[in-house]
Amino acid sequence: MSEGAQDTLAEAEAFLRLWHDEQPGTGPVRSRLREVSAQIEATGTYRHTFAELEYGARVAWRNSARCIGRLYWPSLLVRDCREVTAADGIAAELVSHLRLATNGGRIRPLITVFAPQVPDQPAARVWNEQLVRYAGYRTGGRHVLGDPRYVDFTDAVARLGWHGAGGAFDVLPVVVETPEEGPRLFELPGDTVLEVPLAHPEYRWFADLGLRWHAVPAIANMDLSIGGIRYPLAPFSGWYMGTEIGARNLADADRYDMLPAIAERIGLHMSSERTLWRDRALVELNRAVLHSFERHRVWISDHHTESRRFMTHLERERRCGRVVPGDWAWIVPPISGAATPVFHRQYDDVDLRPNFYLDPLAARLGRHGGLDAGCVRSASG
Ligand code: ARG
């Protein structure tokens, strides 16, 4: 057996034992292990049953150290698209993913798993960091129209022939790359991308800022790793926590950078940091996000509620005798950190599998808009 096959076997064994230990009634692990080791011996890889895939994907979420939203890990819906390998078919399933996940605003945590990486057979990928993101256009100098995070990605899709409308919130196309067809562009049908225009519960002028955000965050560039098998295309999505939008995407100086404009409209004194104009603008922006999603009946959670849920998750997992991997800098919300219970404790930042990983090869090839290592925190998961 090659070294690679031996690693696969060792990971397969660890995963299958975990799943049989945690899920009573899954039959004897011994016979399944014999089967899997024979498959690996003959082909260098093995095929997960649907039940294994489903459980593996759920545990990958459970093990995601950066995600505060893990309480609901057992209810993750798993779609098996391992047989879909042509770019057209993949694009159609990505659209279905968004429709099913959006669910008219009652967002369901969902993952769609495409074909794994097997020896000598590169798998399909998408270039996008998330299925739905907004274009960023350089408008001369350092100014960017849209989301500055996706300026390079926007350039890359322009080279593939995409023409954006030139607005601040143009939904980018999806680039599906298969070994047979290379990279191909797909525009998401307008009705698959639910968006919420932002207004404020008291400031009437807020709507005039023309801000909006999409309802479903769907990470598309991470490898799902289960029992020694890598799934390079396994987009997953949940609902938003308000701060991801209000305290990061629309607020960060290198993203939409909206705090100065909001503070100015409120009439805050910006000549001194001590007026805390940034902080006050942040709170109002976050109120607008939560208020607008709620008014449009799109699920979103606030950071106080999500923090409490995470404490419940920690307690449940402790009772099951499990370690909860956690990365403090990602778990603690980007505003009012110490006002939430998750601030006042420490976490084990351990790497448990199954899990999700950023593909190091893809990162090296400069896959566009990847969550690079230097990327400051924003809640994942
Ligand atoms: N922080 C990312 C964003 O703003 C999304 C990461 C996943 N978040 C989630 N709630 N599932 O788009």
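Throughout, read-outs are computed from the coordinates displayed, never taken from laboratory work. Computed from a predicted structure; not experimentally measured. Cβ atoms come from the backbone with ideal geometry, glycine included; neighbour counts cover every protein chain shown.
Summary of computed values
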quantity: Residue that is over 21 Å from A86 (Cβ atoms) and surrounded by fewer than 22 Cβ atoms within 10 Å (Cβ to Cβ), where the choices are A101, A165; calculated: A165
quantity: Every pair of residues 6+ apart whose Cβ atoms lie under 6 Å, when the first sits in the stretch 283-309 and is over 25 Å from P260 (Cα atoms) while the second is in a helix (DSSP H, G or I) and of a type in the set (S, T, Y); calculated: none
quantity: Inter-residue pairs, beta-carbon under 9 Å, first under 19 Å from A247 (Cβ atoms) and in the stretch 266-282, second of a type in the set (F, W, Y) and in a helix (DSSP H, G or I), 6+ apart; calculated: I266/W277; L268/W277; M270/W277
quantity: Top-ranked residue in the stretch 242-271 [being part of a helix (DSSP H, G or I) and within 16 Å of the ligand (Cβ to nearest atom); ranked as nearest to V151 (Cα to Cα)]; calculated: N249
quantity: Flag for E83 being closer than 30 Å to Y46 by Cβ, away from the ligand (no atom under 16 Å from the Cβ) and part of a loop (DSSP other than H, G, I, E, B); calculated: yes
quantity: A135, sole failed condition from (1) in contact (Cβ under 8 Å) with a residue 60 or more places away in the chain; (2) under 28 Å from E294 (Cβ atoms); (3) aliphatic (A, V, I, L, M); calculated: (1)
quantity: Candidates E306, E317, filtered to the one that is assigned to a helix (DSSP H, G or I) and within 16 Å of the ligand (Cβ to nearest atom); calculated: E306
quantity: S37 vs. criteria farther than 19 Å from L224 by Cβ, surrounded by 15 or more Cβ atoms within 10 Å (Cβ to Cβ), among the small types (G, A, S) and without any contact (Cβ under 8 Å) to a residue 40 or more places away in the chain; calculated: yes
quantity: Residue under evaluation T8, criteria (1) touching a Ser or Thr at 6+ places or on another chain (Cβ under 8 Å); (2) closer than 27 Å to A218 by Cα; (3) not in a loop (DSSP other than H, G, I, E, B), criterion not met; calculated: (2)
quantity: Complete set of residues in the stretch 222-241 that are among the small types (G, A, S) and near the ligand (Cβ under 10 Å from one of its atoms); calculated: S237, G238
quantity: E52 being outside any loop (DSSP other than H, G, I, E, B), in contact (Cβ under 8 Å) with a residue 40 or more places away in the chain, away from the ligand (no atom under 16 Å from the Cβ) and touching a helix residue (DSSP H, G or I) at 6+ places or on another chain (Cβ under 7 Å); calculated: yes
quantity: Residue ID - surrounded by the fewest Cβ atoms within 10 Å (Cβ to Cβ), chosen from residues in the stretch 189-221 that are aliphatic (A, V, I, L, M), outside any strand (DSSP E or B) and within 16 Å of the ligand (Cβ to nearest atom); calculated: V193
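Yes/no per residue for (1) within 27 Å of Y72 (Cβ to Cβ); (2) within 16 Å of the ligand (Cβ to nearest atom); (3) assigned to a strand (DSSP E or B):
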site: R99; (1), (2), (3): yes, no, no
site: T102; (1), (2), (3): yes, yes, no
site: V132; (1), (2), (3): yes, yes, no
site: Y137; (1), (2), (3): no, no, yes
site: R142; (1), (2), (3): no, no, no
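For (1) among the basic types (K, R); (2) in contact (Cβ under 8 Å) with a residue 12 or more places away in the chain, each residue gets a yes or a no:
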site	(1), (2)
R106	yes, yes
V118	no, yes
P122	no, yes
E129	no, yes
R142	yes, no
P148	no, yes
